[in-house]
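A.B. asks: Structure provided below as structure tokens; questions to follow.
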């Protein structure tokens, strides 16, 4: 569909405000102003989307915005300062889940797409789904719902096999597009389980780095789905966050003096019973 | 739909932008920036709205509703949490 110029213009402005906002957050003096600027960008982008002619389900849309937004707003206001990291994790997971859900609808519609579009939709769905369940585990650990690090025997081998299965199913979806519902379902199931299994063995102390990694993942997923939707604002916001998040993850891992691979794939040496 | 190569330009430039934004940031701002970038990818809600707005079947509507709610939560929650973190950086009486 071709969009009216005021919608495209508003999205463009929104993407600009995101970049200025993030730039502002890079120094303590302007940090607070930065998030406010980015906030205006978000409001602008959402408001403009309502003005697209021919969109259906507007009432449902408004309801979903109010429900999701209000729940998160209130919980974010109430949470204790020390519990912030897990809130970042859970909000991030929701973004990943949203990106995966966008891809799911895209697959369900089964519109004819180019191979590149389908590949990016699949990749975005995969990392979005992993980020969704992974972030939920990260939240559960930091919140104290999950107390122990659960490590399977041959954990790394299980991770690799699951990842390969997910990639294989994804490849099948590209090859057989439009994919059958069973295949779509299997793909998402494996991707969601992968996020769980990868994150479960990681200890609470390493979680901030892992949350940052999932944050970068969600960014990439959003960027890829943005391409599928033909929406440059999503691409820009998603990829900027993906790149920034990747670098941030490395910096955080470095600050902890542990390489990222070590955090993800090596168990902490058994520290005895108790916390 | 977008020209494939044009999209590649956008991808590349956006990646450089993201890198440059973070490259010289002091360590104390790492966590707020993670939270801030978490807010920014909440723009996924726009994509979710587009999908819900073109959903044809009940299943698609349900997934679309779910997607918009999750995206809205990402944006709203990300904003509140980041704002609260950064409020601590407000100029203190020195």
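Each reported figure results from applying straightforward, stated rules to the coordinates on display, with no laboratory input. Everything numeric in this text was worked out from a predicted model, so none of it was measured. Here the Cβ is made from the backbone with ideal geometry for all residues, glycine too, and neighbour counts use every protein chain on show.
A.B. asks: Distance between the C-alpha centers of region A:198-215 and region A:150-192? Whole Å please.
C.D. replies: 21 Å
A.B. asks: Given 20 °C and 1.002 mPa s, compute D for chain A with the Stokes-Einstein relation, Rh being the Kirkwood radius over Cα pairs; round to the nearest whole µm²/s.
C.D. replies: 108 µm²/s
A.B. asks: How far is it, in nm, from the label point at residue A:262 to the one at residue B:62 when both lie 7 Å from their Cα along the line to the Cβ?
C.D. replies: In this crude label model, residue A:262 to residue B:62 measures out at 4.7 nm.
A.B. asks: Tell me, what is the percent relative contact order of region A:1-145, built from C-alpha pairs under 8 Å that lie six or more residues apart?
C.D. replies: Relative contact order, region A:1-145: 20 percent.
A.B. asks: Is there a simple number for the mean count of other chain Cβ atoms within 10 Å of the Cβ of residues in A:6-18, and what is it?
C.D. replies: The shielding value for this peptide is 1.
A.B. asks: Counting helices only, and only those DSSP H runs with n ≥ 4, report the 222 nm mean residue ellipticity of the protein assembly as shown as the sum of -39,500 (n - 2.57) divided by its residues, in deg cm²/dmol to the nearest 500.
C.D. replies: Helices in the protein assembly as shown give a 222 nm mean residue ellipticity of -26000 deg cm²/dmol.
A.B. asks: Rule-of-thumb check for region B:2-88: C-alpha Rg over 2.2 N^0.38 Å?
C.D. replies: 1.37
A.B. asks: Across the residues of A:213-225, average count of Cβ atoms on other protein chains within 10 Å?
C.D. replies: 4
A.B. asks: Evaluate the distance, in nm, between pseudo-label points positioned 7 Å from the Cα of residue A:254 and of residue A:172 along their respective Cα→Cβ axes.
C.D. replies: So the label points at residue A:254 and residue A:172 sit 4.2 nm apart.
A.B. asks: With 10 angstrom as the radius, rank A:50, B:11, B:89, A:187 by how many other C-beta atoms surround their C-beta, starting from the fewest.
C.D. replies: In increasing order of surrounding Cβ atoms, one gets A:50, B:89, B:11, A:187.
A.B. asks: Tell me, A:23, A:78 in order of fewest to most beta-carbon neighbours within 10 Å?
C.D. replies: Result, fewest neighbours first: A:78, A:23.
A.B. asks: With a 10 Å Cβ neighbour count serving as the proxy for reagent exposure, in which order, fewest first, do B:79, A:12 appear?
C.D. replies: Listed from fewest to most nearby Cβ atoms, that is A:12, B:79.
A.B. asks: So how much slack lies between residue A:43 and residue A:115, counting 0.36 nm per residue of separation and subtracting their Cα-Cα distance, in nm?
C.D. replies: 22.6 nm
A.B. asks: If you take the Cα atoms of region A:20-68, find Rg, then find the Kirkwood Rh from the mean of 1/r over all pairs, what is Rg/Rh?
C.D. replies: Computed over Cα atoms, the ratio is 1.19.
A.B. asks: What spacing in nm lies between the two simple spin-label points modelled at residue B:9 and residue A:151, each 7 Å away from Cα in the Cβ direction?
C.D. replies: 5.0 nm
A.B. asks: Hey, in the GNM for chain A with a 10 angstrom Cα cutoff, which one of A:173, A:61, A:87 fluctuates hardest?
C.D. replies: A:61
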